[in-house]
Structures are given as C-alpha cells and as structure tokens.
Amino acid sequence: MPAEWDRHEATLLAWPVNEETWPEHRAQVIDTYLELIRAICSSEKCLLLSPDCQTSEEIESALDPSNPFDRKQLQIIQIPYNDSWVRDTGPIFVRDPDNSLIALDFRFNAWGNKYEPWSDDDQWAKRFCRMFDYPLFSYDSFVLEGGSIEVNGQGTLLTTRQCLLNRNRNPSLNQQEIEDILKMSLGIQRILWLDQGIEGDDTDGHIDDLARFVDPQRVLTMRAHSKQDSNYAILENNFQLLRKMSDQDGNPLEIIDIPLPDIDLNGPFGRSPASYANFYLTNRSVLVPVYGAPNEEGVLSVFRDVFPERDIRPIDCRALVCGLGAIHCITQQVPILKYEG
C-alpha cells in the first residue's frame, strides 16, 4: 500500500448529503467542501461523488464564479452513497508486483452497526471501480475502514486495538488472524498497535485522529495540553508506545508530538474529536484542519517544518468536525495509475 505522500492521480470526495450527520451545520460544511475542492484542484484532480441529478445541480450552483479554480480538475460522478466518509467506505489502493494499481474493497458495516442505512456505502467502491475500470479485489467478509490504518509505504502499518480488535467488526477473528489479512492484502511486514482513540470518536479509535506517518520513519502524534483533559492518559500512553516502536527494518521511529486543539468544541453529538492529525496530503500541499484554537500558529509552524516543500493550507473545520470527522475522514487518494519511480 503506497504512502499518502506518493503521487496521486486524484482525490475522492463525496458531497455532504446526509443531514443527520450535520443537523445544524450543513450550510457551513458545504462552504468547507468548496474550500477543499479548490485546494485539491490546485494540485490534482478531484473526483466528487454525487448520489443523483438533483445533488449534482446543487453542486454546480454552489460553485462560486467569483472564486474561480481550474474547473477541468473537478469531475462530478453520480454514484449512490449514504454518507460522505469516503476514507472509510471507498476503495483502498495498493500496487501489484509490477507496480500497477489495484483497488481493494473491504466490507463496511458503519463502524460496528452504528448508523443505518449503510448499504450504498458498502457498495459504491465496486461501482466506482467498474466505472473507471480499476482492477478490483473484494474482501467481502472482512470489515476494514481506511481511517483505521496508516502506512509508511515501506511495509509498516499503524492501527489501534480499540478499533481493529473490536468485536463489532470481525468477531470471529483474533489478533493474529487480523494481522495475517492485513499483511497479505496490503503488503505489510510490521504492524504497530496503539491502544485507543480520543473522546468523541464514534469510529472506536481511528488512527487518523491519533498518529500519522509524515515520512517512512517519522510519526506525528497528538498529545493533550493538560492532565485534566479526558484524553490525557490515552494520548500519553500512545506516545510512550510509539517511542519504543521501530519500522519494518528495525529502525526506531522519530516521534513528533503536537497538542490537541486548546479549545472546547462541542456539537450536536457531544464533544467533537478535533485533531490536527486529521490532515490530508495532496500532490503539492498539506490540508491542515484548524478549529480556532489559540495554539494553532505553533501547530502550523510544526507542519511547515515537517513539510518544507509543500504549501501548508489551513482549513477551518469547526463545522465539519461536528459531524465527528475532519479532512482526512472525507478524502481518499487515488495513486497514479502506473508508478514510474
């Protein structure tokens, strides 16, 4: 499985149609999507899912002619889906031995049967791959969400026990059996396990709110400001685990820590899982979620140091995260079709 910083053919998005996800903030979330679309299209193609003609018309009318971008980079694709979390519902791309691209489609069960319906979310990846003629291999009996795994592109994978070992995903499989499937399907040599995720994360501890590879040996991870924060012990434990971990070749990881947003963000579902780890890499930029917290200039400075050759683009995600996810959760990269080195 290629790392996210490998060159992309495109980025997948799905227009926010489910009003139950953002019962009070959909108008603001649409504004966030428009900003993301412009940012993505400045680096690569954006493949934007729309469930029907009416939604496609809404998208076209929402595009602001006074704030132009390269419209040829945006392609609207009509495929039915239930919600916008394409990181978890869409295809996961890997390369075969000759470096050609293959799409993997895992089973999706709405993060352990939490939200109905999810039948279209479980099927749209197949429809998308048929539409674009991507070779597809389906793991219909194994539940896996893209936000639950993080890879360095060299054979090392990060995840959490809270999510992948949760009995609401694959109850008949033990840890070793799950590891075997991940290694076989994603080309993984070493799996690194953190324990659990942050408060407000309805995915049962997705790694993309906790710790992310920024290159093959460096991991950016979240910590809490204060011992009074309910996330303090969780994140401190994860940090200490990371400090002892090594990559597929036995080399120790370099850990870069940044604090959670120093602000209380509550939405219609309680505490929102606001995290700077939910960033997304395009071909030329880093799209960093920001939340109006006082510590954010320091956080952005860390991103500039970590990614000196990329444009650091802060995206206001205060409305988006009220739906319990941010930028990484609603994006999925499509690597270039044929890797040329």
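Structure data summary
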{"read-out": "Failed condition for residue 199, given (1) in a loop (DSSP other than H, G, I, E, B); (2) open to solvent by less than 40 Å² (accessible area, probe 1.4 Å); (3) of a type in the set (Asp, Glu)", "value": "(2)"}
{"read-out": "Within segment 158-185, considering residues that are in contact (Cβ under 8 Å) with a residue 60 or more places away in the chain and not in a helix (DSSP H, G or I), the one farthest from residue 216 (Cα to Cα)", "value": "169"}
{"read-out": "Count - residues of segment 260-292 that are at pLDDT 95 or above, more than 17 Å from residue 208 (Cα to Cα), surrounded by 14 or more Cβ atoms within 10 Å (Cβ to Cβ) and among the small types (Gly, Ala, Ser)", "value": "1"}
{"read-out": "Any hit, segment 170-191, residues being more than 17 Å from residue 148 (Cβ to Cβ) and charged (D, E, K, R)", "value": "no"}
{"read-out": "Within segment 1-118, helices (runs of 4 or more DSSP H) holding 1 or more residues that are open to solvent by less than 50 Å² (accessible area, probe 1.4 Å) and among the polar types (S, T, N, Q)", "value": "26-41, 53-62, 86-89"}
{"read-out": "Any hit, segment 309-318, residues being in contact with a Phe, Trp or Tyr (Cβ under 6 Å, 6 or more places away or on another chain), open to solvent by 40 Å² or more (accessible area, probe 1.4 Å) and not aromatic (Phe, Trp, Tyr)", "value": "yes"}
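The values are calculated or read from the model by the stated rules, or taken from the named source; none is laboratory data. Just so it is clear, the model here is predicted, and its values are computed rather than measured. Positions of Cβ are backbone-derived with ideal geometry, glycine not excepted, and every protein chain shown enters the neighbour counts. Just the protein is used for accessible areas: all its heavy atoms, side chains included, with ligands, DNA and RNA removed. Shrake-Rupley method; radii C 1.70, N 1.55, O 1.52, S 1.80 Å.
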